[in-house]
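Undergrad: Dumping the structure here so I can ask a few things about it.
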Amino acid sequence: MQIDHTKTIRWGILGCGDVTEVKSGPAYQKTAGFKIEAVMRRDAEKAADYAKRHHIGKYYSDADDLINDPEIDAIYIATPPDTHHFYGLKVASAGKICCIEKPLAQSYKESLKIYEAFTAKNIPFFTAYYRRSLPRFLQIKTWLDDNKVGKVRSIRWNLTKPASEQDLSRAYNWRTDAKVAPGGYFDDLASHGLDLFIFLLGNIKEVSGYSLNQQGFYSAKDAITACWLHESEITGNGNWNFGSNKREDIVEIAGSKGKITFSVFENDPIILSNEDGETALRIEHPENIQLHHVENIREHLLGNSTHPSFGFTAVQTSWVMSKILGNL
């Protein structure tokens, strides 16, 4: 599907919660040729407030009303992951362009069904793995493509953080509710990194892992470890623990002639170390971190390029996560 260059794509946001306030919502408003026409939230007062503050003309408290609005061309699903499959199939049935927040769904099987539904109708759909579009990580890809570390041998990621006050209080948090996110913070955070590694180093062909709940503060998993093998024979390992004494986010890509060190979530410099010495670059994110991701959706729909997080790419990430969590 390719759109008319002169047509404005009218978007509806399904689930206008915190992620849409700064990270994503304004990006759709700032992208040429896009307009947010309506928003939906089950709480009508909050939906009305969001629409007023963001200068959006319409709001709904029923998802079906938004999805079936004839003045809406595309839907951005920004609800928790346990509803992505349900709403994704509805949007596909309505025949509308769609972008779904990450992770694509709760499981590989649900992700695959979403992909198949959109593919059967030849409808473009994207997943909000926006790190594939950020200049910071594109620079790392350039270093890799330019052979700055030689032949890549391995990648490792250590991501830890202490339990939050909310965790310690055992107050409800959908991110740690196993019915919504079986892997807890792993689903929310590790999905970004694993998807990025596939983008940088190619598809993963083998993966295994262990996952458990060490703390007992909530129903989801809080300690995960895994190892994997890319199709390019690059080995990988990861450790994610959400009950550690400090926050740490360190990735190291090791090659035959050097290494690249960076953080997935922090804005620390990305560091290239090789025979020429050490190069450290600080590349800031845009104010609205999904801006380049959304601009790339527009370019894809115009037929100017292929979006880096389009179609099946997020299904591969879901497969990796399901394998690590033992759900396949």
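What follows is calculated from the coordinates using simple rules that are stated; it is not laboratory data. This one's a predicted model, so the numbers in the text were calculated from it and none came from an experiment. Here the Cβ positions follow ideal geometry from the backbone for every residue, glycine too, while neighbour counts run over all protein chains shown.
Undergrad: Return the single residue from Pro26, Pro286, Pro70 with maximal mean-square fluctuation; model: Gaussian network over the chain, springs between Cα atoms under 10 Å.
TA: Looking only at Pro26, Pro286, Pro70, the biggest GNM fluctuation is shown by Pro70.
Undergrad: When the chain is modelled as a GNM with alpha-carbon springs shorter than 10 Å, which of Val19, Val180, Val91 fluctuates the most?
TA: Judging by the Gaussian network model, the answer is Val19.
Undergrad: Sum -39500 (n - 2.57) across every DSSP H segment of at least 4 residues in the chain, then divide by the residue count to get the 222 nm mean residue ellipticity, nearest 500.
TA: Rounded to the nearest 500, the figure is -8500 deg cm²/dmol.
Undergrad: Roughly how large, in nm² to one decimal, is the mean projection of the convex hull of the alpha-carbon atoms in the chain?
TA: Mean projected area for the chain: 16.6 nm², to one decimal.
Undergrad: Quick one: Cα centre-to-centre distance for region 200-242 and region 245-285, in angstrom?
TA: 20 Å
Undergrad: Can you work out the FRET efficiency for the pair Asp276 and Glu231, with r the C-beta to C-beta distance and R0 = 25 Å, to the nearest 0.05? Display every interim value, and only then the final one.
TA: Numbers: r = 29 Å, r/R0 = 1.17.
Plugging the Cβ-Cβ distance into 1/(1 + (r/R0)^6) gives 0.30.
Undergrad: In degrees from 0 to 90, rounded to the nearest 10, what is the angle of the helix 84-94 Cα long axis to the longest principal axis of the chain?
TA: So the inclination is approximately 50 degrees.
Undergrad: Report the label-to-label distance for Asp82 and Asn68 in nanometres (one decimal), using points 7 Å from each Cα along the Cα→Cβ vector.
TA: 2.6 nm
Undergrad: Still on this structure, I have one more. What's the percent breakdown of Cα-Cα distances in region 171-285 across 10 Å bins, shortest bin first?
TA: The percentages, shortest bin first, are 12, 37, 34, 14, 3, 0.
Undergrad: Calculate the spin-label point distance for Glu287 paired with Asn267, positioning each point 7 Å from the Cα along the beta-carbon direction, and give it in nanometres.
TA: Between Asn267 and Glu287, the label points sit 1.3 nm apart.
Undergrad: Give me the mean projected area, in nm² to one decimal, of the convex hull enclosing the Cα positions of region 9-130.
TA: 6.7 nm²
Undergrad: Also, I was wondering about something else. Order 34-45, 314-325 from most to least packed using the mean count of other Cβ atoms within 10 Å.
TA: Numbers: 34-45: 18.9, 314-325: 23.2.
With the highest mean Cβ count within 10 Å placed first, the list reads 314-325, 34-45.
Undergrad: Shifting gears a bit: Report the local net charge at Lys161: Lys and Arg +1, Asp and Glu -1, summed over other residues whose C-beta lies under 11 Å from its C-beta.
TA: -2
Undergrad: Grab every C-alpha pair in region 12-80, bin the distances at 10 angstrom width from 0 up to the longest one, and report whole percents.
TA: Bin by bin from 0 Å, the calculated values are 23, 62, 15.
Undergrad: What does the extension gain come out to for Tyr210 and Lys35, with contour length at 0.36 nm per residue minus their alpha carbon separation?
TA: That pair, Tyr210 and Lys35, stretches by 58.6 nm at full extension.
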